[in-house]
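Following: one structure in structure tokens, then a few remarks.
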Amino acid sequence: MTLRIDQLHCALGKRRVLHDLAGLEAQPGEITALIGPNGAGKSTLLKAIAGIEASSGHLTLDGRPLEMLSLEQRTRKLYYLPQDTSTQAALSVFEAVLLARRTQVVESNGTALTAVEQALQSLELDPLAERELAALSGGQRQRVAIAQAIARRPRLLMLDEPTSALDLHHQLQVLDYLQRLARQNGVIIILAIHDLNLAARFADHLWVIKEGRHIISGTPDEVLTPERLREIYAIEAHVERPVDGPLHITPLSATRPLGC
């Protein structure tokens, strides 16, 4: 099951946000990181794939146009997790994840409970299972939202800045789990992320979006070069490529104002 994007356009009102995105592919078993400056169109692209934002062009999943999927099929195969995970629901952590699971799957209580417990344990949320959502910190709520997403078992999982509110331990823990989820279950995972060192460590493939246009795609080694970083982010950066680990980026200075 491969996601393919060609000739994709998207406008918000009269403003064109995405311009002819073409030649993008996301493969099962891999994490694709969507990177680029603020306002580049990363969130809009995820919403267009999820069917939340209207778009024109070609979006296919396993060769089938996404617009041909019924709402039930789309809900079962795709899940989009926005950056804002705030909620007013008067639920416990366990109830919130169980509700997400039951919204997606019809199954026995035992099977559902097992799936929820596995999701909570995977993200170190089991000690918080009985805690009310309203009593959680922003980072804890973000992990609950990710647990809700993985409990639904989608084939294509899209996450917008899933580590933005997390401390260093939980950033690594969440991304490590998502990497294993992709590998072991053949899930397509696409995430928008600003931390380039995390992208370099966990992503198999990068899509670079700038001003609504596809700049380049490739492996972290192919994309994250000093020359490309200067083009994409208007910065000077040192890129270290260790023999036995992921590359590491050290920003040095801004080359010029990037603009609004």
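Where a number appears in this text, it was derived from the coordinates with a stated rule and is not lab data. These numbers were taken from a predicted model, which means no experiment stands behind them. Glycine also receives a Cβ, built like all others from the backbone with ideal geometry; neighbour counts cover every protein chain displayed.
A few remarks follow.
- The H on the amide N of Ala165, modeled in the peptide plane, is under 5 Å from the matching H of no residue at least 5 residues off or on a different chain.
- Semi-axis lengths, largest first, of the ellipsoid equivalent to the chain are 30, 23, 17 Å, with √(5λ) applied to each eigenvalue of the Cα gyration tensor.
- Here the dipole of the chain is about 680 debye; that uses its Cα centre as origin and unit charges on the Cβ of Lys and Arg (positive) and Asp and Glu (negative).
- Antiparallel bridge percentage (DSSP; both residues within the chain; nearest 5): 60
- Degrees separating the helix 168-185 axis from the principal Cα axis of the chain, which is the longest one: 80
- Region 128-171 and region 44-68: distance between their alpha carbon centers, rounded to Å: 25
- Amide H contacts of Leu24 (H built 1.01 Å from N, under 5 Å, at least 5 apart or other chain): Ile5
- Under 5 Å between amide hydrogens, built in the peptide plane, is the criterion, and for Leu136 it picks out nothing among residues at least 5 positions away or on other chains.
- All lysines inside 19 Å of Lys42 as judged from Cα atoms, apart from same-chain residues fewer than 8 positions distant: Lys14, Lys210
- Counting only DSSP beta bridges with both residues in region 125-258, the antiparallel share comes to about 70 percent.
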